[in-house]
Amino acid sequence: MLLPVFQDLVKPQWRAVLEELKLSGGLPVGELARRLGVSYMAVKQHCEELKKAGYLDRSRVPRTVVGRPEIYYSLSAKADALFPQAGTDFTLDLLEGLKALFGENAPDKLFFQHFQKQQEKWQPLLSKARTVSEKSAKLAALREKEGCLVRCVEDPESGLRIEEFHNPLQRAFERYPRVIAMEQRMIEQLLGAKVTRRELSGGRSGQPRVVFEVVAGGNP
């Protein structure tokens, strides 16, 4: 999900390209065109325009069948600024100041209060959902509004999961890792189900992400 100001200013075709590449970690032009439902040449033109602006990197990857290497696009470091950050540097400095004033556990207490308030705000909205699947989809939509880039996926093989590709609080989590468990506990309470959390690197071609796997029949 792009920052609101960029949603207003960036033309829809560019926004679609940027968000799909954020989800996937990078794609060949043909596959990107297929996912967006537009022509190869149209996607290539949008990607080239975004590359010239500095928001995409271009490379070539070997085809799986005989033929010339495919053109491959991925987000550049500059593109990070298009996605929400929680005023990260200021927030971290502020938390360090709180720790100096009120003790080592002050930041954790503040995060605990944040997730508690978020749970209280979202609980009435999710209570209207009849199943865990519906709750998960609703929670993913609510997290999108908070600046996360997420999708809710359910299939027979891997079950129900929420995949998160961007979280504005990620750097805060890296500084204060105990907060991760607080967020996970909030998600479990909202869904009324046991949730396991995994961080995936994405490998050479995928996008790093956090996966919340919802355990069927599990109690939070």
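Summary table
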quantity	calculated
For region 111-215, size of Cβ-based charge dipole, Lys and Arg +1, Asp and Glu -1, in debye	280 debye
Cα→Cβ-extended label distance, 7 Å offset, between SER76 and LYS145, nm	3.5 nm
Amide H within-cut-off set for LEU169, under 5 Å, with H built and near neighbours excluded	none
Gained length - ARG58 relative to GLU174, 0.36 nm times residue gap less alpha-carbon distance	38.8 nm
Relative contact order of region 111-215, pairs being alpha-carbon contacts under 8 Å that are 6 or more residues apart, as %	26 percent
Ranked packing of 71-84, 94-107, 149-162, most packed first, by mean Cβ within 10 Å	71-84, 149-162, 94-107
Anisotropy class of region 111-215 from Cα gyration tensor, a/c 1.5 cut	oblate
Residue of PHE111, PHE90, PHE173 that the Gaussian network model of the chain assigns the largest fluctuation, springs spanning Cα pairs under 10 Å	PHE90
Inter-label distance for LEU98 and SER201, nm, one decimal - labels placed 7 Å from Cα along Cα-to-Cβ	3.3 nm
Value of [θ]222 nm, deg cm²/dmol, for the chain, DSSP H segments ≥ 4, -39500 (n - 2.57) each, nearest 500	-15500 deg cm²/dmol
Estimated FRET transfer efficiency when R0 is 45 angstrom, pair ARG185-LYS11 (beta carbons, to 0.05)	0.65
Ellipsoid equivalent to the chain - semi-axes via the Cα gyration tensor, in Å	34, 23, 16
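FYI, it's all coordinate maths here, none of it is from the lab. Nothing here was measured: the structure is a model prediction, and the numbers come from that model. Positions of Cβ are generated from backbone atoms using ideal geometry, with glycine treated the same way; all protein chains shown enter the neighbour counts.
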